1. Quick one: is W465 in contact (Cβ under 8 Å) with a residue 40 or more places away in the chain, open to solvent by 40 Å² or more (accessible area, probe 1.4 Å), within 42 Å of the chain's Cα centre (by Cα) and on the phi < 0 side of the Ramachandran plot?
2. Can you give me the number of residues within region 441-454 that are in contact with a Gly (Cβ under 8 Å, 6 or more places away or on another chain) and either under 11 Å from F339 (Cα atoms) or not polar (S, T, N, Q) (or both)?
3. Kindly indicate whether R409 is modelled with pLDDT under 90 and on the phi < 0 side of the Ramachandran plot.
4. Report, by residue number, each residue of region 289-312 that is surrounded by 24 or more Cβ atoms within 10 Å (Cβ to Cβ) and part of a strand (DSSP E or B).
5. Would you be able to say whether some residue in region 56-71 is open to solvent by 70 Å² or more (accessible area, probe 1.4 Å), of a type in the set (K, R), closer than 16 Å to L179 by Cα and in contact with a Ser or Thr (Cβ under 7 Å, 6 or more places away or on another chain)?
6. Applying the selection to region 269-288, what residues are in a helix (DSSP H, G or I) and at pLDDT 90 or above?
7. Mind telling me which of the residues D377, D400, D392 ends up being under 30 Å from V323 (Cα atoms), touching a Ser or Thr at 6+ places or on another chain (Cβ under 9 Å) and acidic (D, E)?
8. Taking the criterion of being under 21 Å from D400 (Cβ atoms), of a type in the set (A, V, I, L, M, F, W, C) and either touching a residue at least 12 places away in the same chain (Cβ under 8 Å) or assigned to a helix (DSSP H, G or I) (or both), would at least one residue in region 337-359 satisfy it?
Amino acid sequence: GAATVLWTDKTGTGTLNQRRVSRLWAEGESCDPNGDPTRAAAGRFPALVEYGVLACKASPFDPMEKAFHQLADAAASGRRTGWTLVREYPLSPGLLAVTQVWRRPEGGELLAAAKGAPEAIAGLCRMSEQRKSALSSAVAAMADDGLRVIGVARARCSDREAPEEQSGFAFEFLGLVGLADPVRPAVPASIRECYAAGIRVIMITGDYPGTARNIARQIGLRNPELVITGPELDAMGDEEFAGRISGVNVFARVVPEQKLRIVKALKANREVVAMTGDGVNDAPALKAAHIGIAMGGRGTDVARESAALILLDDDFSSIVAAVRMGRRIFDNIKKAVAFIFAAHVPIAGLSMLPVFFKDWPLILLPVHVVFLELIIDPSCSIIFEAESAERDVMRRPPRDPHERLFSLRAIALSLFQGACVLAILLGVFAASGVLGHPQEDSRRALVFTTMVVANLCLILTNRSWTRTILSMFREPNGALWWVVGGSAAAMGLILGLPGLRRLFHFGSLHPADLVLCSAAGIISILWFESLKMIRHRRRTAPG
């Protein structure tokens, strides 16, 4: 609930992570394989699809590789029945590309298929500067449309000539594949809710800046045009980066190792950081963040163990719901503590005052204190815990993490609530003789019944420190009516059954006495309800 920055990955958290191939590009020509399947089966596109699939796992689990397989199945391309995987060159920080080497059933030379970041594939293909420039323009156009862009290349070699590194192949560039990943429908509304709550949202991705900008605009991030890339980050000093990070909400082409530096920069700016991560390399940053959030769907075990929270559905809106829940819990703890202070002031007062006045009878006996605690304890542990969030809980700025759970002002208000109840009870006790209750048992019954009503009113008024009891009646709280109803029923039995009256040392009360007790208990909290109304009018007054 105190988070000032929510840092989210683009893929899977801001988007659905349900990729599909949306565009193919080869030698200056492009096509949409979904809208024009005939063009995808002509020219150089079949080779692009075939080798794109050959660069993927045979049984993929990654959504991107699944999209390649789905395209190949639709185009009847890239089938490799009986083919044998000879070697795999994995992705590395120094080369953002993977290569798989295959042997065909009939033998002969080996086929190598590579896919990865276009600039990495261009480097493997040893492109001329002119071709790189044309490729960069195509990549930028696809990225600006929000597509993740993957380059594909192929090579051939003999069984004995498979090099130790990917750079040892004589790759031929085949083209680009653009993959679309729809934005989660709930994300834009969640982003707006974060901004209303004073929370800054940062998006980090390994994709191109153009892709990041497009998605940032779709989900409603502020300043989507301002982007810092991984290479730019490496070129900055810590002081320069700490100054720039305050105005930039989009980071592109970032590798996991750079996330820790971003977390440290945000913390240096006194932000409370909640970040998401899923990979092994995300673990240091997850541990360093104030709230590390691991992906439960696609996250690694290392990421989960390093995080403070695990997001079961990998949805950004669930993080916002967690912020709302954190704020609600903090509010409800404060309400419960306020009620505890207020409810125990009259108990302590009525227990101690007879000690200082010799002619006063004992008003509260142990059985009465036990009964009151049976109201107070469930109220704190059940009623306030079940209380729903305040309506403005996501329209407030984040609280200071060093803020005390209960301020001196809040304690003073709570003690004043209890003091008002105590004053009303003393007034009822003083007036009981005039009202025709000279006996000690009858006076005790009158005071205790008033005290129970006042305690129930304290529960109702402390459900919210901003909204009145009448407005809170529309807010559901199933536990409230069980405790209030159970307390009222128990009090009715105690006053109505002679055996229970003797157990509590009570005299009998008349209906008019019950009206007096109820009125006195309600009056004890009217000042606080009036204070809420005055505050509300001040907040809503024009100007």
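The values are calculated or read from the model by the stated rules, or taken from the named source; none is laboratory data. A quick note: this is a predicted structure, and the numbers were derived from the prediction, not measured. Quick reminder, even Gly has a Cβ in these numbers, built from the backbone with ideal geometry, and neighbours come from all protein chains shown. Keep in mind that these areas ignore ligands, DNA and RNA; they rest on the heavy atoms of the full protein, side chains included. Shrake-Rupley method; radii C 1.70, N 1.55, O 1.52, S 1.80 Å.
1. Values: in contact (Cβ under 8 Å) with a residue 40 or more places away in the chain: yes; open to solvent by 40 Å² or more (accessible area, probe 1.4 Å): yes; within 42 Å of the chain's Cα centre (by Cα): yes; on the phi < 0 side of the Ramachandran plot: yes.
It is true that W465 is in contact (Cβ under 8 Å) with a residue 40 or more places away in the chain, open to solvent by 40 Å² or more (accessible area, probe 1.4 Å), within 42 Å of the chain's Cα centre (by Cα) and on the phi < 0 side of the Ramachandran plot.
2. Looking only at that region, the number is 8.
3. yes
4. Passing the criteria: G292, I293, A294, M295.
5. Checked against the condition, which is being open to solvent by 70 Å² or more (accessible area, probe 1.4 Å), of a type in the set (K, R), closer than 16 Å to L179 by Cα and in contact with a Ser or Thr (Cβ under 7 Å, 6 or more places away or on another chain), region 56-71 yields no hits at all.
6. A283, P284, A285, L286, K287, A288
7. After applying the criteria, what remains is D392.
8. yes
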